[in-house]
Amino acid sequence: MADPRPPDNGQAVIVDRGYRHYEGTRTGRRGAIRAIVREGFRRVLGLRRKAKRKLLPWVLIALALASVVILVTISWVQSQIPVSGEASDLVPRYRGYFDFISVVALLFAAYAGAQLLVPDRTHGVLNVYFSRPLSLRDYLVAKALAYAAVILSFWLVPQILLHLGLAALSSEGFLSYLGGTTDILWKVPLAALVYFVLHASLSFVAASFVNRVGGAASAFLAASLGLNLVALFFQEAVEDARGTRWAALLATEQHPRYVRDWIFGVHEDAQWIPAQAGFGPEVSLTVVIGIAVVSVILVSWRYRRLT
């Protein structure tokens, strides 16, 4: 058989295949983290993706923004028609807004956590991430930062619009209202941070162990709402039994609300299960922090096994 190789005549042959070395700035580990945060933000919101990927997140965002329009409209109507003080207090403001869109926010938190973690595993791209100057801790921190960017924006942007809308309607004047409500600038973000910590913890655990986006979101919702029902069952069915008081701590979704009321200085409202069981808001805050610590341990253990 003839040798297909060209005869060696002692001369080298250079073939230009179009390859070029990267000559840009090498951003290293920090650049990789920023890229994951940016990509995670886009993935959750469906940016640069098909329309069906945008549908659910933007419907939920539209509902959150529509709720602000509703509250500002109600406040405007109240400013035009004299109403009693009790009727005026029924309209949710900054503290009540968290409850006003609680269902929408819970759905958004479930969707966001599942979208950030599940596709990377199911599409087999974890090895691509870790082929860069990126550690497992960097990867998880970047995902948590992406989740924070999305969830805190979901809570805070409508609150900012609500604040500006109420200031525009205030009889005191726009600037006077803003000057008299500066405490809102730290109370609302701090309360939103407590909600974020709890939701991120439960959502990341669910998304780490369930390999379907819908299944991970459902597991998060089942844990958030189901544990509340368990706590309520123990409170109502076996109220007199010894030791059942501690079951109130299972009401995970009520802990950030209890802490939020504490931040806003509302002490007379004891409607939350932990409060009815005799626990203070400090205990609820401790439970939220404890859940976050356990979540970090479980998620880290899970991803160490995967890599």
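No value in this document is a laboratory result; all are computed from the given coordinates. Everything numeric here is computed off the predicted structure, so don't read it as measured data. Neighbour counts run over all protein chains shown; Cβ positions are idealised from the backbone, glycine included.
Across region 100-116, in residue order, what do the Karplus-derived ³J(HN,Hα) couplings come to in whole Hz, using 6.51 cos²θ - 1.76 cosθ + 1.60 with θ = phi - 60° and x for Gly and Pro?
4, 10, 4, 5, 4, 5, 5, 5, 5, 5, 5, 5, 5, x, 5, 5, 6
Along the Cα→Cβ direction, 7 angstrom out, place labels at H123 and E282. What is the inter-label distance in nm?
4.7 nm
With labels modelled as points extended 7 Å from the Cα through the Cβ direction, what inter-label distance (nm, one decimal) is found for L156 paired with V293?
2.7 nm
Given 0.36 nm per residue, what is the gain on full extension from R305 to V103 after removing their alpha carbon distance, in nm?
On the way: separation 202, 0.36 × 202 = 72.72 nm, distance 3.40 nm.
Fully extending the segment from R305 to V103 adds 69.3 nm.
Taking the simple approach of a point 7 Å from Cα along Cα-to-Cβ for both L63 and S171, what is their distance in nm?
Computed distance between label sites L63 and S171 equals 3.6 nm.
Quote the relative contact order of region 49-167 in percent (integer), defining contacts as alpha-carbon pairs under 8 Å separated by 6+ residues.
Details: 50 pairs, mean separation 51.9, N = 119.
Relative contact order for region 49-167 comes out at 44 percent.
Show me, for region 295-307, the HN-Hα J-couplings you get by feeding each phi into the Karplus relation (A = 6.51, B = -1.76, C = 1.60, θ = phi - 60°), rounded to Hz, glycine and proline as x.
4, 4, 5, 5, 5, 5, 4, 4, 6, 5, 5, 6, 10
Only Cα pairs under 8 Å and at least 6 apart count here; give the relative contact order of region 164-307 as a rounded whole percent. Don't skip to the answer; put the middle values down first.
On the way: 132 pairs, mean separation 36.6, N = 144.
Relative CO of region 164-307 lands at 25 percent.
For region 109-219, what are the per-bin percents of Cα-Cα distances with bins 10 Å wide, up to the bin holding the maximum?
All Cα pairs considered, the percentages come to 13, 34, 24, 16, 10, 3.
Can you work out ³J(HN,Hα) from phi for every residue in region 272-288, in order, using Karplus 6.51 cos²θ - 1.76 cosθ + 1.60 and θ = phi - 60°, giving whole Hz and x for Gly and Pro?
Result, rounded to whole Hz: 7, 4, x, 5, 5, 7, x, 8, x, x, 4, 5, 4, 5, 5, 5, 4.
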